[in-house]
Amino acid sequence: MLAASLIPTEVPGVGVLNSAFEAVVDGLRSSILGFAEPEDTQAFHVPPVISRALLERLGYVDAFPNLLGTLHTFVGDNRRWRAVQAARLADGAPWHSEQTISDVVALPATCYHLYPLVAHQTLAQPVTMTAEASCYRHEGSSELGRLRSFRMREVVRIGGPDDVPAWRDEWLTRARTWFDGLGLKTSVEVATDPFFGDAARMMAPPQRQEELKWELRADLGTGQAQAIASANYHKDHFGGLFDIRTGGDVAHTACAAFGLERIVLALIAAHGESPERWPASVRGALGLGGTGR
Ligand code: ATP
Ligand code: ZN
């Protein structure tokens with residue numbers, strides 16, 4: 001009987017998943033897409049890197065400089081590289097002293113690839129889009145479930161100021177019911193993003209006061225509940241930045257995000273490490289065999 005495992009590697013927060021773990025991820029993916037479908041959702045495949053200039057414009061660098069993974073490359077010529085290698089061999093100089101920051105960064109959240117798809121458009125009706133991506137965040141701790149590389153399935157809603165918050169609320173209810181069906185007890189909490197430095201003082205209080213971010217938290221077996229999904233209402237922030245309109249108004253946006261590895265870890269904490277022994281209803285809901293709900 002194969003236990004679902006996240007196998008640690010030599011760097012904290014970067015794990016290899018075995019086939020039993022990945023089968024559960026596959027089940028989660030189809031189950032989430034199953035309940036997103038009635039809304040006429042457009043699905044996309046997005047890469048794990050994104051334009052650095054775009055994240056700079058969005059303010060990501062100001063709010064989360066500590067989490068952003070930058071990509072650097074060697075852009076020198078053969079002669080320069082020979083000099084770098086010589087210094088390295090002679091006195092152990094670092095090989096990366098001449099790496100230059102590139103025009104892409106590691107994608108920190110899936111939804112950043114979706115808003116630009118409707119930039120400069122006026123939407124006749126609300127748009128719903130979904131994608132999953134490998135995301136990277138340079139997390140500072142190595143607690144279970146706090147990965148640096150993890151997959152995030154997101155559903156994004158773009159529409160008017162009445163439609164979008166109502167969609168976000170409905171999603172929270174729907175996601176919670178879905179988690180209930182998987183035997184996961186979740187708490188619903190108002191949350192704030194992990195802003196860094198001065199950004200925390202300025203941005204966290206209004207986000208909390210206006211209840212813009214909600215998290216569904218579950219036990220991962222560590223004694224401290226972690227967010228397995230979250231729903232964010234951005235008001236007209238992205239609509240303004242990307243010039244998206246609904247009628248005469250700047251569009252509002254919200255995103256609902258599911259952390260796929262964390263959900264599997266919560267399932268393991270709830271039902272044990274061997275998916276073959278999970279309740280038939282849970283196995284059925286995830287297409288692992290057994291009775292569906
Ligand atoms: P944004 O407003 O930037 O789009 P978001 O809602 O997409 O934020 P978060 O709420 O920070 O992003 O993350 C979404 C989900 O991804 C979380 O609920 C969690 O399940 C998962 N997640 C976040 N960080 C990690 C991590 N370090 N390791 C594993 N899963 C994570
Ligand atoms: Zn998002």
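The values are calculated or read from the model by the stated rules, or taken from the named source; none is laboratory data. The model shown is predicted, which means the values in this text are computed figures rather than measured ones. Positions of Cβ are generated from backbone atoms using ideal geometry, with glycine treated the same way; all protein chains shown enter the neighbour counts. Note: areas computed on protein heavy atoms with side chains; ligands, DNA, RNA excluded. Shrake-Rupley method; radii C 1.70, N 1.55, O 1.52, S 1.80 Å.
Restricting the range 211-221 to residues that are part of a loop (DSSP other than H, G, I, E, B) and within 13 Å of ligand 1 (Cβ to nearest atom), the residue that is most open to solvent (accessible area, probe 1.4 Å) is Leu212. For the range 184-210, the tally of residues that are open to solvent by 30 Å² or more (accessible area, probe 1.4 Å) and either of a type in the set (A, V, I, L, M, F, W, C) or within 16 Å of ligand 2 (Cβ to nearest atom) (or both) stands at 10.
Please pick out the residue among Val25, Val49 that is under 16 Å from the mean Cα position of the chain (by Cα) and under 14 Å from Phe258 (Cβ atoms). That would be Val25, the only listed residue that is under 16 Å from the mean Cα position of the chain (by Cα) and under 14 Å from Phe258 (Cβ atoms).
Taking residues in the range 91-118 that are open to solvent by less than 30 Å² (accessible area, probe 1.4 Å), and partners anywhere that are assigned to a loop (DSSP other than H, G, I, E, B) and of a type in the set (Val, Ile, Thr), the pairs with Cβ atoms closer than 6 Å and at least 6 places apart or on different chains are Val118/Ile244. Checking the range 85-104 against the condition returns no match, with no residue being within 16 Å of ligand 1 (Cβ to nearest atom), modelled with pLDDT of 95 or more and either in contact with an Asp or Glu (Cβ under 8 Å, 6 or more places away or on another chain) or not charged (D, E, K, R) (or both).
Given the structure, is Arg174 touching a residue at least 60 places away in the same chain (Cβ under 8 Å), in the same structural domain as Ser281 (by TED's automatic domain parsing) and surrounded by fewer than 16 Cβ atoms within 10 Å (Cβ to Cβ)? It is true that Arg174 is touching a residue at least 60 places away in the same chain (Cβ under 8 Å), in the same structural domain as Ser281 (by TED's automatic domain parsing) and surrounded by fewer than 16 Cβ atoms within 10 Å (Cβ to Cβ). When the residues of the range 58-115 are narrowed to those that are in contact with a strand residue (DSSP E or B) (Cβ under 7 Å, 6 or more places away or on another chain) and among the small types (Gly, Ala, Ser), which ends up nearest to ligand 2 (Cβ to nearest atom)? The extreme case among them is Ala109.
Within the range 271-293, being farther than 23 Å from Leu144 by Cβ and either β-branched (Val, Ile, Thr) or surrounded by fewer than 17 Cβ atoms within 10 Å (Cβ to Cβ) (or both) holds for Ala280, Ser281, Gly289, Gly290, Thr291, Gly292, Arg293.
In the range 116-134, which residue that is touching a Gly at 6+ places or on another chain (Cβ under 9 Å) and within 16 Å of ligand 2 (Cβ to nearest atom) is farthest from Asp193 (Cα to Cα)? Once the filter is applied, the top-ranked residue is Val127. The range 1-88 holds no strands (runs of 3 or more DSSP E) entirely within its bounds that carry 2 or more residues that are of a type in the set (A, V, I, L, M), open to solvent by 30 Å² or more (accessible area, probe 1.4 Å) and closer than 25 Å to Arg157 by Cα.
Output yes when any residue across the range 237-252 is assigned to a strand (DSSP E or B), within 13 Å of ligand 1 (Cβ to nearest atom) and open to solvent by 10 Å² or more (accessible area, probe 1.4 Å), and no when none is. Among the residues of the range 237-252, not one is assigned to a strand (DSSP E or B), within 13 Å of ligand 1 (Cβ to nearest atom) and open to solvent by 10 Å² or more (accessible area, probe 1.4 Å), which makes the answer no. Quick check: is even one residue across the range 123-140 among the β-branched types (Val, Ile, Thr), open to solvent by 30 Å² or more (accessible area, probe 1.4 Å) and either closer than 19 Å to Ala229 by Cβ or in contact (Cβ under 8 Å) with a residue 24 or more places away in the chain (or both)? Scanning the range 123-140 turns up no residue that is among the β-branched types (Val, Ile, Thr), open to solvent by 30 Å² or more (accessible area, probe 1.4 Å) and either closer than 19 Å to Ala229 by Cβ or in contact (Cβ under 8 Å) with a residue 24 or more places away in the chain (or both).
Being out of contact with any His (no Cβ under 7 Å at 6 or more places or on another chain), at pLDDT 95 or above, away from ligand 2 (no atom under 16 Å from the Cβ) and hydrophobic (A, V, I, L, M, F, W, C) is a condition met by at least one residue of the range 237-250. Please verify whether Arg146 is modelled with pLDDT of 95 or more and within 16 Å of Arg217 (Cβ to Cβ), treating the condition exactly as stated. So Arg146 passes the test.
This table checks each residue for (1) more than 10 Å from ligand 1 (Cβ to nearest atom); (2) in contact with a Cys (Cβ under 9 Å, 6 or more places away or on another chain); (3) open to solvent by less than 20 Å² (accessible area, probe 1.4 Å); (4) within 24 Å of Gln42 (Cβ to Cβ).
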position: Glu170; (1), (2), (3), (4): yes, no, no, yes
position: Phe179; (1), (2), (3), (4): yes, no, yes, no
position: Leu182; (1), (2), (3), (4): yes, no, yes, no
position: Ala225; (1), (2), (3), (4): yes, no, no, no
position: Ala254; (1), (2), (3), (4): no, no, yes, yes
position: Ala269; (1), (2), (3), (4): yes, no, no, no
